[in-house]
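Student: Pasting a structure below so you can have a look.
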Amino acid sequence: MTTTRIGSLSVDEKRDLLANLIRKKMQRWSKGETPSALIDDHRKQFPALDGKSYFNYGAHGTLPRPAMNAVLEAWEYMQKWGPFSTEVNDWIQQEVSKTIACFGTLLGVMSETMALTENVTAGCNIVLWGLDWQQGDHILISDCENPGILAAIQQVARRFRLHVSSFRVEASENGTIESIARGLRSNTRLVVISHVLWNTGQVLPLSKIAELCRTNRIAQGRTLLLVDGAQSVGVLPLKLAQSGADFYAFTSHKWLCGPEGVGGLFVAPESLEFVQPTFVGWRSVKIDESDGSFSWQPGAHRFHVSTSAYPLLAGVRRAIGIHDEFAPIEKRYERIVELSRYTWERLQEVGIECLQHSPPQTGLIFLRSKSNPHQVVRYLETQNCYTRSMYDPECVRLSLHYFTTRNEVDLLVDLLQNHEQRGRHIGPAKILGEIRNENSYAHQTNA
Ligand SMILES: Cc1ncc(COP(=O)(O)O)c(C=O)c1O
């Protein structure tokens, strides 16, 4: 039997080393030691955090230095031994397989059900364009979907003459389930939801929604469920194989803090037959060299198309490894929720309105300030504090990761408080002027 070696360690030795490292950190943590020393050390791995308070993980995560190095090393490897050679081609195959396996472990799914994509939107588009739509089919979406996904749905609907309607997300789980049940029709081919809503931070009850879809009988069998995982992957512990979702799209560049340009799409085995690849290339197929005929790559791998930026894959895996070395995802999620509660309470203590009426369920917090949110975000940025504005609802969004610190939160709260007071002292005429100036360059991106 051959043993795969990574550097001077075998895979098994490396796994043991990692398990040991986590065990030691968890022992310190569970002994009641505040994790702040661990976190300060951990944060040093993220160059983007140097001298900054960062609250934009839901838009774009901070790439750790070792992940950056892994990308550079991979690039150098390709140039040294290829870029096109049998050696590098074998290496690319392994990079792809290892990354798929890594996503599979993270999300609790088999490798064959996972396709590598570029981002969330690319994954959603694979499903949206791949169903065999019939004119008049119905798509049901939540009323909180991201504009990029809405734009794709709108274009598919225009092209195939589909009906699209939305259901209202309610404050309670039961309310939302009833709302979806009312929205489902006998020709609803697809339901599209985000697992965590980008504009309220609510976590939708995925399994219950999946159950509703699976029991909604239609001419083609049943309603399918496409899930946008932009704000959930890297935050929530997930076991997608058991979730009942048919399709689940995500990206590495947000909460996983991987490089931009790599994402994934989970396709449940029993749902594969419903989606045809729209874009096809040499990576989608197996070629029979005897007669030149094609057959699909197994499972979701048929959605791979052609040459990609392979060196990024090493970066994604390293970024995921860095989080895992710190603590298991359950513990990290606990800490995100704990920090969010702290932030939510602190904001209210100083009289800043939060849009959430109860402690946040994830790292997303929405606050309303007395001045224009674009202006607040700009002001905070002058103080090296990074947040984002939203237009619907009009507010400032904060996103907190497990390695956000209370110091960062306290600084942010102080800055917000100063800004509110400054606004009061300057008076409405001056503020209106500032807002007008602000609006001349204000724009909203959809991250
Ligand atoms: C809920 C949601 N869906 C989709 C996107 C788009 O993600 P991506 O840039 O990976 O396509 C975002 C963020 O930008 C988002 O928050």
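Student: Is it fair to say TRP75 is surrounded by fewer than 16 Cβ atoms within 10 Å (Cβ to Cβ) and in contact with a helix residue (DSSP H, G or I) (Cβ under 6 Å, 6 or more places away or on another chain)?
Tutor: The answer is no for TRP75.
One line per residue, one yes/no per condition, for (1) in a strand (DSSP E or B); (2) over 23 Å from TRP133 (Cβ atoms); (3) among the hydrophobic types (A, V, I, L, M, F, W, C):
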| position | (1), (2), (3) |
| --- | --- |
| GLU211 | no, yes, no |
| VAL235 | no, yes, yes |
| GLU260 | no, yes, no |
| LEU272 | no, no, yes |
| TRP282 | no, yes, yes |
| SER290 | no, yes, no |
| HIS301 | no, yes, no |
| VAL305 | no, no, yes |
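Student: Going by the structure shown, is LEU226 within 16 Å of the ligand (Cβ to nearest atom), in contact with a Phe, Trp or Tyr (Cβ under 9 Å, 6 or more places away or on another chain) and part of a strand (DSSP E or B)?
Tutor: Taking the combined requirement at face value, the residue satisfies it.
Student: So, ARG168, is that one of a type outside the set (A, V, I, L, M, F, W, C) and touching a helix residue (DSSP H, G or I) at 6+ places or on another chain (Cβ under 8 Å) or not?
Tutor: Yes, satisfied.
Student: Considering every residue within the stretch 102-115, establish whether at least one is part of a helix (DSSP H, G or I) and aliphatic (A, V, I, L, M).
Tutor: Yes, some residue in the stretch 102-115 is part of a helix (DSSP H, G or I) and aliphatic (A, V, I, L, M).
Student: In addition: Please state which of the following conditions GLU325 fails to meet, knowing it meets all the rest: (1) closer than 30 Å to TRP75 by Cα; (2) surrounded by 17 or more Cβ atoms within 10 Å (Cβ to Cβ).
Tutor: GLU325 satisfies all of (1) closer than 30 Å to TRP75 by Cα; (2) surrounded by 17 or more Cβ atoms within 10 Å (Cβ to Cβ) except (2).
Student: Same structure again: It is to be established whether one or more residues within the stretch 366-388 are of a type outside the set (S, T, N, Q), at positive phi and more than 19 Å from the chain's Cα centre (by Cα).
Tutor: Scanning the stretch 366-388, I find no residue that is of a type outside the set (S, T, N, Q), at positive phi and more than 19 Å from the chain's Cα centre (by Cα), so the answer is no.
Student: Further question: Do we have GLU260 as more than 22 Å from HIS60 (Cβ to Cβ) and either of a type outside the set (Ser, Thr, Tyr) or within 15 Å of the ligand (Cβ to nearest atom) (or both) here? Walk me through how you get there before you give the answer.
Tutor: Numbers: more than 22 Å from HIS60 (Cβ to Cβ): no; either of a type outside the set (Ser, Thr, Tyr) or within 15 Å of the ligand (Cβ to nearest atom) (or both): yes.
No; evaluated as a whole, the condition is false for this residue.
Student: Quick one: count up the residues across the stretch 307-316 that are outside any loop (DSSP other than H, G, I, E, B) and surrounded by fewer than 21 Cβ atoms within 10 Å (Cβ to Cβ).
Tutor: Just the residues of the stretch 307-316 that are outside any loop (DSSP other than H, G, I, E, B), to begin with: 311-316.
Subsequent filtering for residues that are surrounded by fewer than 21 Cβ atoms within 10 Å (Cβ to Cβ) retains 311.
Count: 1.
Student: Please find, within the stretch 182-209, the residue that is farthest from the ligand (Cβ to nearest atom) out of those that are in a loop (DSSP other than H, G, I, E, B) and over 24 Å from ILE329 (Cα atoms).
Tutor: As a first pass, look at the stretch 182-209 and keep what is in a loop (DSSP other than H, G, I, E, B): 184-187, 195, 197-202, 204-205.
Filter once more, keeping what is over 24 Å from ILE329 (Cα atoms): 184-187.
Numbers: LEU184: 22, ARG185: 25, SER186: 29, ASN187: 26 Å.
Residue satisfying both the conditions and the ranking: SER186.
Student: Kindly indicate the residue of the stretch 123-150 that is part of a helix (DSSP H, G or I) and surrounded by fewer than 21 Cβ atoms within 10 Å (Cβ to Cβ) and also farthest from the ligand (Cβ to nearest atom) among those meeting that condition.
Tutor: Going through the qualifying residues, I end up with GLY130.
Student: Would you say THR117 is within 16 Å of the ligand (Cβ to nearest atom), touching a helix residue (DSSP H, G or I) at 6+ places or on another chain (Cβ under 6 Å) and more than 26 Å from GLY221 (Cβ to Cβ)? Working first, answer last.
Tutor: Values: within 16 Å of the ligand (Cβ to nearest atom): yes; touching a helix residue (DSSP H, G or I) at 6+ places or on another chain (Cβ under 6 Å): yes; more than 26 Å from GLY221 (Cβ to Cβ): no.
So THR117 fails the test.
Every number in this text was worked out from the coordinates using simple rules, so none of it is lab data. From a predicted model like this one, the values you see are computed outputs, not experimental measurements. Cβ coordinates were reconstructed from backbone atoms using ideal geometry, including for glycine residues, and neighbour counts include every protein chain displayed.
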